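Report on the structure given below.
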Amino acid sequence: SLGVDPFTYAVELNGEITYTVPRSLLRFSLFWRNNDRLITYFPDTNEDGESIVGQRIQDGFMLTDLTVGMPIWENRFRITTGVRNLLDVQTVTVSGGGNGGAHSGSTGTAAVGLGRSFFVRLQVDINW
């Protein structure tokens with residue numbers, strides 16, 4: 001046995017809340033995705049040069065988007081504007097594991113997002 005759990009998992013939860021203002025049909029939407037910590041394994045060597053299995057743990061994180069949209073010109077068009085990655089999550093902490101070997105025990109970061117961005121979208125209903 002290599003001392004490795006035979007099963008690991010990571011949970012991802014998604015959600016959305018939308019509110020439409022009745023008279024104007026202005027629609028506000030908040031989307032989120034919550035990612036659990038991620039555990040991975042890698043080959044490593046200990047101080048005696050023996051092969052071991054190292055463990056790397058990436059922290060969990062949450063991505064959030066916010067949009068505002070409304071129909072225009074007799075509902076033939078919908079214009080939407082918004083912010084992706086509202087919380088500006090770009091990196092998370094990653095910590096190495098193992099038994100004190102040459103490649104274990106380090107802590108760093110991993111890129112998980114490109115940062116906050118803004119957008120405008122125009123949708124056309126062509127009624128075919």
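The values are calculated or read from the model by the stated rules, or taken from the named source; none is laboratory data. The model shown is predicted, which means the values in this text are computed figures rather than measured ones. As a convention, Cβ positions derive from the backbone with ideal geometry for all residues, glycine included, and neighbour counts pool all protein chains shown. For accessibility, only protein heavy atoms count, side chains too; no ligands or nucleic acids. Shrake-Rupley method; radii C 1.70, N 1.55, O 1.52, S 1.80 Å.
Of all residues in the range 109-123, how many are open to solvent by 90 Å² or more (accessible area, probe 1.4 Å) and at pLDDT 95 or above? So the count comes out to 5. With the requirement that a residue be surrounded by 10 or more Cβ atoms within 10 Å (Cβ to Cβ) and over 14 Å from Phe61 (Cβ atoms), what does the range 20-36 give you? Scanning the range 20-36 gives Thr20, Val21, Leu25, Leu26, Arg27, Phe28, Ser29, Leu30, Phe31. Scan the range 22-33 and give yes if some residue there is among the basic types (Lys, Arg), under 21 Å from Gly113 (Cβ atoms) and in contact with a Gly (Cβ under 9 Å, 6 or more places away or on another chain), otherwise no. Checking the range 22-33: at least one residue is among the basic types (Lys, Arg), under 21 Å from Gly113 (Cβ atoms) and in contact with a Gly (Cβ under 9 Å, 6 or more places away or on another chain).
Yes/no per residue for (1) assigned to a strand (DSSP E or B); (2) aliphatic (A, V, I, L, M); (3) open to solvent by less than 70 Å² (accessible area, probe 1.4 Å); (4) at positive phi:
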{"residue": "Val53", "(1), (2), (3), (4)": "yes, yes, yes, no"}
{"residue": "Ile57", "(1), (2), (3), (4)": "yes, yes, yes, no"}
{"residue": "Leu63", "(1), (2), (3), (4)": "yes, yes, yes, no"}
{"residue": "Thr67", "(1), (2), (3), (4)": "yes, no, yes, no"}
{"residue": "Asn75", "(1), (2), (3), (4)": "no, no, no, yes"}
{"residue": "Arg78", "(1), (2), (3), (4)": "yes, no, yes, no"}
{"residue": "Leu86", "(1), (2), (3), (4)": "no, yes, yes, no"}
{"residue": "Val89", "(1), (2), (3), (4)": "no, yes, yes, no"}
